[in-house]
Amino acid sequence: MKRLLTAALSAALIASTAQAQKLNFDDPAEFARQRELLTAKANGPNGEPWAQYYGDQMADTAKFRKEGPYTICFSNAGVNNAWRVTGWTNMQAEVKLHPEIKELIHVDAEGSDDKQISDIDDLIDGGKCSALIVSPNTTAALTPAVEKACAKLPVIVFDRGVNTKCPVTFIHPVGGYGFGIQAGEFVAANAPTGANVLMLRIVPGVDVLETRASAAKHIFKEKGLNVIGEEFTEGDNAKTKSIVEDYLQRGKIDAVWMDAGATAVAALEAFEDSGLPLPVITGEDQQDFLMKWKAEGFKAIAPTYPTYQWRTPIIAAVKVLKGEQVPGPEWVMPQPAITAETLDQYVNDKMPPLHHAMCGCEKLPDYPAAWGGQ
């Protein structure tokens, strides 16, 4: 992920840290639930994980039924990293499959809580939206804005959560604990006993990132691994590489755990530049990481927060506006991890380095060109 480091961003990080301290990102019951879901069988059509869901609880949407065509409004936390670029492309392509939608209004908060709160106010006051989709920038800050929107129209939250049950549904894969469990257990199983683990994170205060770290720390403590540092990179390649180089100067790193893998290649380059063997590492489903992994054969896993989830809010919005039931209050979908055994299925040298392989986009309109592929 690429962000410019500014005074405003630094202030946002401080605020997010304060929020993180107030929220519960260490929930043993939720940890156990997500661990179980990782191996559960989902409902829904085979081969379409973006339409699948766990459990049988459904939200009654009859009160939201209205005649189309529909204007769907989307308040986006940002298109400020490669994961979100892939997802946003998915969402736009999914809209093309639904003739009931006459317009998708997209507002980019550019990673700012204040801007997103203002964006949501403008959207609901404008009176054009049939339904509102929200991908919150941070959890606590956006909760009041979402609650305000819920009083006026159906709201669907996805990707990151809020601390309210008012949305019709909250769409997400298994969750942050699940991601942290997959990555943490892989490190514990493949690193030496008592290994030194460097934890690299992006920013504090985002629920799915906080719970990833929380889950991994539990596993590392349980398995007796030594966490030598927990550093925030803001998703910047240069900063990631600098942090790893600094720790390598202090001593040995056996494994690198990441709460998101966009800068995994930069972390590996720090080892290469230092003339050291590559560590056990957790990445994500970006093509640059997958291709390096395939070429060099290091020990790795790529837990995913699949970008196919960006298709689901559009599907849900149309169902809600037709008065059809949707999974709710949560729509939880599968969250696969890419392993050495499945790696070949996802490596694609015809797609750009920053493309996320778990997109579920291969049959969408304008693939691969819209995603930058050949």
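Just so you know, all these numbers are worked out from the coordinates, no wet-lab data involved. This one's a predicted model, so the numbers in the text were calculated from it and none came from an experiment. Glycine also receives a Cβ, built like all others from the backbone with ideal geometry; neighbour counts cover every protein chain displayed.
Summary table
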{"quantity": "Cα shape, segment 176-303, gyration tensor, a/c 1.5 rule", "calculated": "rounded"}
{"quantity": "Potential extension, Ala32-Glu231 segment - 0.36 nm per residue separation minus Cα distance", "calculated": "69.0 nm"}
{"quantity": "Per-residue HN-Hα couplings for segment 324-330 [Karplus 6.51, -1.76, 1.60; θ = phi - 60°; Hz; x = Gly/Pro]", "calculated": "8, 5, 10, x, x, x, 10"}
{"quantity": "Mean ellipticity per residue at 222 nm, deg cm²/dmol - from DSSP H runs of n ≥ 4 across the chain, formula -39500 (n - 2.57)", "calculated": "-12000 deg cm²/dmol"}
{"quantity": "His106-Asn46 pseudo-label distance in nm [points 7 Å out on the Cα-to-Cβ vector]", "calculated": "3.4"}
{"quantity": "Spherically averaged projected area in nm², based on the convex hull that wraps the Cα atoms of the chain", "calculated": "17.6"}
{"quantity": "Cα-based helix-to-principal-axis angle, 7-22 vs the chain, degrees rounded to 10", "calculated": "90"}
{"quantity": "Degrees separating the helix 237-250 axis from the principal Cα axis of the chain, which is the longest one", "calculated": "30"}
{"quantity": "FRET efficiency, 1/(1 + (r/R0)^6) with R0 25 Å, evaluated for Glu67 and Thr164 via beta carbons", "calculated": "0.30"}
{"quantity": "Dipole moment magnitude, nearest 20 debye, segment 207-347 about Cα centre, only Lys, Arg, Asp, Glu C-beta charged", "calculated": "360"}
{"quantity": "Integer Hz, Karplus 6.51/-1.76/1.60 couplings in order for segment 76-87, x for Gly and Pro", "calculated": "9, 4, x, 10, 10, 7, 5, 4, 6, 5, 4, x"}
{"quantity": "In degrees, nearest ten, helix 176-190 long axis to first principal axis of the chain (Cα)", "calculated": "20"}
{"quantity": "Förster radius 30 Å - calculated FRET efficiency between Val347 and Glu222 (Cβ-Cβ, nearest 0.05)", "calculated": "0.40"}
{"quantity": "HN-Hα J in Hz across segment 293-303 - Karplus 6.51, -1.76, 1.60, θ = phi - 60°, x for Gly and Pro", "calculated": "4, 5, 6, 10, x, 6, 7, 7, 9, 10, x"}
{"quantity": "Cβ-derived FRET efficiency at R0 56 Å, Lys252 paired with Asp121, nearest 0.05", "calculated": "0.60"}
{"quantity": "At most 16 other Cβ within 10 Å, DSSP loop - trypsin sites (Lys or Arg not before Pro), segment 39-110", "calculated": "Lys41, Arg65, Lys66, Lys96"}
{"quantity": "Cα gyration tensor shape of segment 191-245, rounded if a/c is under 1.5, else prolate or oblate by comparing a/b with b/c", "calculated": "oblate"}
{"quantity": "Three-way shape label, segment 213-273, alpha-carbon gyration tensor, a/c 1.5", "calculated": "oblate"}
{"quantity": "Given charges at beta-carbon only (K, R positive; D, E negative), |dipole| of the chain in Debye", "calculated": "500"}
